[in-house]
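The values are calculated or read from the model by the stated rules, or taken from the named source; none is laboratory data. None of the values given here were measured: they were computed from a predicted structure. Here the Cβ positions follow ideal geometry from the backbone for every residue, glycine too, while neighbour counts run over all protein chains shown.
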Amino acid sequence: MKAFRLVIFLAALIGSYAATASGNATLNLIPVEDQKVLVAFESIVPGAISLTLTDSDDRVVYYKSTFSPKAQYKGIYNLSELQDGSYTLSVNSGDSRVSRNIEIKDKELTFSDPVFGSIPVFSLNKQQLDISFLNNQLENVSVQIFRNNSLVYSTQLGDGLVVQNRYDLSRLPAGDYRVYLVTGNDTYTFDAEI
C-alpha cells in the first residue's frame with residue numbers, strides 16, 4: 001500500500017512539474033452535451049486573455065478577448081454549427097499560449113493534447129526594435145518588416161530555443177511600419193511608428 005501511495009505521489013509531482021515547465025497555463029476542453037464544450041483556461045500569472053478558433057485553412061471562426069487581466073476563464077461553446085473538419089483553439093494570456101486541435105466528424109468531437117508556446121515580446125525604444133521569443137516548438141523563425149505593404153527587410157533567425165534580436169531602425173524613413181515574426185504555424189505582428 002505504501003508503494004502504491006509513493007507511485008501516486010511521484011506521478012502527481014511529475015505532473016505538476018510538467019505543468020510548470022509547460023508555461024504555467026492549462027487549457028481543458030470538456031464535452032458537455034450535443035457538441036457543446038466547456039473551455040477552462042487557467043494561468044498562474046493573470047493577463048488579458050484572447051481565445052481564437054481557426055479552421056484548417058487558418059481562417060478565424062470565432063474570437064473573444066477579455067480586456068481586464070484574469071488568471072482563469074471558463075465558457076461553454078456550442079460547436080454544432082461547425083462543419084466536419086479540423087479546428088484549432090488557441091488561448092493567449094500574457095506571454096503564454098496554449099492550443100488544442102479539435103476534430104469534428106459526424107457530430108463527434110475529439111481533442112488533441114495541449115501544445116504550449118510563448119508569445120513574442122516586441123519593444124521599440126529610440127528607434128531600436130527588440131524582439132524576444134521563446135521558441136518552444138523549435139520551429140524556423142523569420143522576421144519581416146513592411147511599410148505600406150512593401151517589404152523593407154527580411155531575415156531568417158533559425159530554429160533555436162531562444163530568439164533575442166535588436167534591429168536598428170534609425171536609417172528608415174519616418175512612418176508607420178508593421179513587423180511580422182513568423183514561426184511554423186503562427187504569425188505575430190507589431191506596429192512600429194518611427
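If a residue has to be surrounded by 13 or more Cβ atoms within 10 Å (Cβ to Cβ) and part of a strand (DSSP E or B) to count, how many in region 46-71 make the cut? Within region 46-71, residues that are surrounded by 13 or more Cβ atoms within 10 Å (Cβ to Cβ) and part of a strand (DSSP E or B) number 14. Summed over region 159-188, the residues that are of a type outside the set (D, E, K, R), in a strand (DSSP E or B) and either at pLDDT 90 or above or crowded, with 16+ Cβ neighbours inside 10 Å (or both) give a count of 10.
Selection of region 61-82 for residues being β-branched (Val, Ile, Thr) and under 20 Å from Ser96 (Cβ atoms) yields only Thr66. For the residues Gln137, Gln128, the requirement of being touching a Ser or Thr at 6+ places or on another chain (Cβ under 9 Å), of a type outside the set (Val, Ile, Thr) and either outside the structural domain of Thr189 (by TED's automatic domain parsing) or surrounded by fewer than 13 Cβ atoms within 10 Å (Cβ to Cβ) (or both) singles out Gln128. If you go through region 72-82 one residue at a time, do you hit one that is surrounded by 18 or more Cβ atoms within 10 Å (Cβ to Cβ), in the same structural domain as Val179 (by TED's automatic domain parsing), under 16 Å from the mean Cα position of the chain (by Cα) and not aliphatic (A, V, I, L, M)? For region 72-82, residues surrounded by 18 or more Cβ atoms within 10 Å (Cβ to Cβ), in the same structural domain as Val179 (by TED's automatic domain parsing), under 16 Å from the mean Cα position of the chain (by Cα) and not aliphatic (A, V, I, L, M): absent.
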